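Okay, structure first, notes after.
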Amino acid sequence: MRVGERGFRVDVRADPPAELVREGASLVLRALWWNGLGRVSDDLGHEYLVLAKDPDGTGIVRHWCHPRPAPGARVLRLESAGYRGERLRLDPAAAGTSAEVLVKLALTVRLGA
């Protein structure tokens, strides 16, 4: 987490599962992609606006939040937005399907020393 002049940035490492399996004569890729944080709040009851999310392709999703954490806040609660699932058959006549998979996770970050 990095606090700036007008807000803060939270980088979260995510490692969602991907699986490559053989189904008959073709290969099928099953994967989940994390959509990032959906809600950021603190122990004082303040909620912070998630202005932007940037999944950089390395497993880290960067979030820009506004405003700065409230004075006196000791804990930030980070709630997951969910995952997007995809199933793709890897052959010339491929038919892919995708769906939103609602998986809500939460973690907390201690502020200060």
| Can you name the number of the only condition in (1) open to solvent by less than 60 Å² (accessible area, probe 1.4 Å); (2) modelled with pLDDT of 75 or more that ARG62 fails? | (1)
| field | Qualifying residues in the stretch 55-84 (those that are hydrophobic (A, V, I, L, M, F, W, C) and in a strand (DSSP E or B)) - the one farthest from LEU20 (Cα to Cα) | value | VAL75
| message | Being under 30 Å from ASP91 (Cα atoms), assigned to a strand (DSSP E or B) and open to solvent by less than 90 Å² (accessible area, probe 1.4 Å) is the filter here; which residues of the stretch 21-43 pass it? | response | VAL21, GLU23, SER26, LEU27, VAL28, LEU29, ARG30, ALA31, LEU32, TRP34
| field | Test for ARG13: is it at pLDDT below 90, of a type in the set (Lys, Arg) and surrounded by 14 or more Cβ atoms within 10 Å (Cβ to Cβ) | value | no
| request: Run ALA18 past the list (1) open to solvent by less than 40 Å² (accessible area, probe 1.4 Å); (2) modelled with pLDDT under 85; (3) small (Gly, Ala, Ser) and report the number of the one that doesn't hold. | output: (1)
| remark: Being open to solvent by 90 Å² or more (accessible area, probe 1.4 Å), charged (D, E, K, R) and at pLDDT below 95 narrows ARG77, ARG87 down to just ARG77
| query | Any residue at all in the stretch 45-54 that is under 21 Å from THR108 (Cβ atoms), open to solvent by less than 70 Å² (accessible area, probe 1.4 Å) and assigned to a strand (DSSP E or B)? | reply | yes
| Could you give every pair whose Cβ atoms fall below 6 Å, whose first residue belongs to the stretch 25-37 and is of a type in the set (Phe, Trp, Tyr), and whose second residue is assigned to a strand (DSSP E or B), counting only separations of at least 6 or pairs across chains? | TRP33/ARG84; TRP34/TYR83
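The values are calculated or read from the model by the stated rules, or taken from the named source; none is laboratory data. Remember, it's a predicted structure, so these values are computed and weren't measured experimentally. Every residue, glycine as well, gets a Cβ built from its backbone with ideal geometry; the counts of neighbours run over all protein chains shown. When the accessible area is computed, the model is the full protein with side chains, heavy atoms only, and any ligands, DNA or RNA have been set aside. Shrake-Rupley method; radii C 1.70, N 1.55, O 1.52, S 1.80 Å.
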